[in-house]
Amino acid sequence: MKLMVIGSGGREHALVWKLAQSPQVTTLWCAPGNAGIALERLASNESLVETVAIGAEDLQKLLEFARENRPELVVVGPDNPLALGIVDVFQLSGFRIWGPNRKAAQFESSKVFSQQFMERHGIPTARAGAFTDPVAARKFAASLGGRCVVKADGLALGKGVLICGSEAEADKAIEEILVGQVFGQAGARLVIQEFLEGIEVSLHALCDGRTAKLFPTSQDHKRALDGDQGLNTGGMGTYSPAPFLTDAQLAEVGHAILDPWLKGCAAEGIDFRGLLYPGVMLTQAGPRVLEFNARFGDPETQVYLTRLENDLVELLEASVNGTLARHELRWRPQASVCVVMASDGYPGSYPKGKVIRGLEAAGRLKGTKVFHAGTARSGDDIVTNGGRVLGVTAMGRDLAAARAAAYRAVEKISFDGAQYRRDIAAKALL
Ligand code: AMP
């Protein structure tokens, strides 16, 4: 089977690595990929994964490539091409493609859509309102005493969420988004949610339009620095399982969210075939959905796919075909921990082209996999090429062992200005 994966981050490296293990896959292209993806080999015939220099948002060029090379399944990693309607475009040309279509991808591409959908279908969420008028928005924020979260409607590179502790802060956030248009069209509308306290967990569910199969728990670390200090990032590390929910509690949370979500999708003619990733706050009053994403999390994918036993090609095929109900997800009992190594200055501006050393030594450690995110090849070297550079991932019999193994691997790797958190998964071990 010929496969094509779209994207270039740690998530896509994890997807490619897992898909390459399937005995069904005979050719695998990744556009645009990265230096680590280009080193992966297929289990079926030892051939290398081929990276293709086309950006994930260049739908026309991607389609031309697909017309020439006829992949039998296309797998989309990132949110932007999904929001642009890559699934609809490829389907119109007769390709099989995994991911939600444009209408279904609205769960991520529009926070106003998601919030209103949750309210229409009784999905537990924060008290919230959607606004285009700054006066009405300020009034609602004031009714919450200013303790609220102001969110730009559209995709804003993960920066469109402003947490406010006072009316003055909320007014400033509303002004910046609606009037100052700091996020452009993404901020033409906004959602204001009450500020919720609790433990945040990532849920993932593979969906086929009718069935949603819930993954185990994981937890991300969004802030740049230890102790959840510093700026918000794309994610500095993850671990799975997260010990805040028993299996029974997880199933209960899953039902509370996914049952009304599936019913709502059916009622509104939304055919979601892809990965639904709700961000959930476990509050004292019960679970509350903060937002939906419509693709795998990064770096959640790295810990999930190292634990997944199934053939991922079979699961993605079932998601496209609407036959997921026939499959059972099987997970290794071991824990997995991913520590992100980032460039100096990330999430602000950062240098590129720093030589990365120690990748082979780290890769030789048992139960360890170094996923590449922002890397590129420069002659014989592998160099940094992005903010998040590597997702150093290790398995262990429990979280403590996995964590120790991940940090042993991190210590073997170096590049100028490398920064990483020392406390990934520490919260789970208190
Ligand atoms: P979002 O992109 O909507 O998940 O928001 C990004 C981050 O902001 C989340 O991961 C939470 O840490 C925080 N956040 C979002 N909404 C809320 C809320 N209603 N209450 C507290 N924190 C929130």
- [ ] Holding the Cα-Cα limit at 27 Å, pick out from K2/K61; K61/K151; K111/K369 the pairs that are longer than that.
- [x] K61/K151; K111/K369
- [ ] Among the aspartates and glutamates, select those whose C-alpha is under 19 Å from the C-alpha of K18, and discard any that sit fewer than 8 residues away in the same chain.
- [x] E40, E46, E50, E72, D298, E300, E309, D311, E314, E317, E328
TODO: Over every pair of different alpha-carbon atoms in the chain, take the mean of 1/r and invert it; report that Kirkwood radius in Å.
DONE: 22.0 Å
- [ ] Starting from the Kirkwood radius over alpha-carbon pairs of the range 102-189, derive D by Stokes-Einstein at 20 °C in a medium of 1.002 mPa s and give it in µm² s⁻¹.
- [x] 163 µm²/s
Task: C-alpha center-to-center spacing [the range 344-365, the range 120-157] in angstrom - done: 39 Å
Open item on the list: For the range 324-400, place one equal point scatterer on every Cα, skip the solvent, and apply the Debye formula. What is log10 of I(q)/I(0) at q = 0.16, 0.18, 0.20, 0.27 Å⁻¹?
Closed with: -0.69, -0.79, -0.89, -1.22
Open item on the list: I'd like the FRET efficiency for I163 and L430, computed as 1/(1 + (r/R0)^6) with the beta carbon distance as r and R0 of 30 Å, rounded to 0.05.
Closed with: 0.80
Open item on the list: Please report the net charge: other residues with Cβ closer than 12 Å to the Cβ of A362, K and R +1, D and E -1.
Closed with: +4
Open item on the list: Probe of 1.4 angstrom, ligands and nucleic acids ignored: what's the accessible area per residue over the range 1-94, in square angstrom?
Closed with: 38 Å²
Task: For the range 227-354, the fraction of alpha-carbon pairs in successive 10 Å shells from zero, as % - done: 9, 32, 37, 17, 5, 0
Task: Cross-link reach list, lysines versus K213, counting only Cα pairs under 18 Å and skipping chain neighbours closer than eight places - done: K263
- [ ] Taking H placed 1.01 Å from N in the peptide plane, check which residues at least 5 places from G237 or on another chain put their amide H under 5 Å from its amide H.
- [x] H221, V340
Task: the range 168-237, relative contact order [Cα under 8 Å, separation at least 6], % - done: 16 percent
- [ ] Could you tell me what percent of the accessible area of the range 261-315 is made up of carbon and sulfur, with a 1.4 Å probe and every protein chain present?
- [x] 46 percent
Task: Where the range 133-232 is the region considered: accessible area per residue in Å², 1.4 Å probe - done: 47 Å²
- [ ] Would you mind checking which residues have amide H under 5 Å from A373's amide H? H placed 1.01 Å from N; only 5 or more apart, or other chain.
- [x] L390, G391
TODO: Find how many whole Å separate the alpha carbon centroid of the range 294-322 from the alpha carbon centroid of the range 175-189.
DONE: 35 Å
Open item on the list: I need the phi-derived Karplus couplings for the range 142-147: 6.51 cos²θ - 1.76 cosθ + 1.60, θ = phi - 60°, integer Hz, Gly and Pro marked x.
Closed with: 5, 5, 9, x, x, 7
Task: Rounded to whole Hz, the Karplus (6.51, -1.76, 1.60) HN-Hα couplings of the range 284-289, x for glycine and proline - done: 5, 8, x, x, 9, 7
Open item on the list: Accessible area of the range 91-143 with a 1.4 Å probe: how many percent of it is carbon plus sulfur?
Closed with: 51 percent
Open item on the list: Using a probe radius of 1.4 Å on heavy atoms only, what accessible surface per residue do you get for the range 340-430? Whole Å² is fine.
Closed with: 48 Å²
Task: Pairwise centroid distance, computed over Cα atoms, of the range 50-106 with the range 231-268, Å - done: 26 Å
Open item on the list: Straight-line reach only, C-alpha to C-alpha below 20 angstrom: list the aspartates and glutamates that K172 could link to, leaving out same-chain residues fewer than 8 apart.
Closed with: D133, D153, E194
- [ ] Counting helices only, and only those DSSP H runs with n ≥ 4, report the 222 nm mean residue ellipticity of the chain as the sum of -39,500 (n - 2.57) divided by its residues, in deg cm²/dmol to the nearest 500.
- [x] -8500 deg cm²/dmol
Task: DSSP loop GluC sites (Glu not before Pro) with at most 16 other Cβ within 10 Å: longest gap in the chain - done: 73-196
TODO: For the range 285-340, run through the trypsin sites (Lys or Arg not before Pro) and keep only the ones in DSSP coil with at most 12 other Cβ atoms within 10 Å of their Cβ.
DONE: R330
Task: For the range 85-91, 3J(HN,Hα) per residue [Karplus equation, 6.51 cos²θ - 1.76 cosθ + 1.60, θ = phi - 60°, Hz, x = Gly/Pro] - done: x, 4, 5, 5, 4, 5, 5
Task: Contact order normalised by residue count of the chain, Cα under 8 Å, 6+ apart, percent - done: 16 percent
Task: Amide H within-cut-off set for S47, under 5 Å, with H built and near neighbours excluded - done: L42
TODO: For helix 247-267, report the angle its Cα long axis makes with the longest principal axis of the Cα atoms of the chain; keep it between 0 and 90° and round to the nearest 10°.
DONE: 70 degrees
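The values are calculated or read from the model by the stated rules, or taken from the named source; none is laboratory data. This structure is a prediction, so every number in the text was calculated from the model and none was measured. All Cβ positions, glycine included, derive from the backbone under ideal geometry; neighbour counts span all protein chains shown. Only protein heavy atoms, including side chains, enter the accessible area calculation; ligands, DNA and RNA are left aside. Shrake-Rupley method; radii C 1.70, N 1.55, O 1.52, S 1.80 Å.
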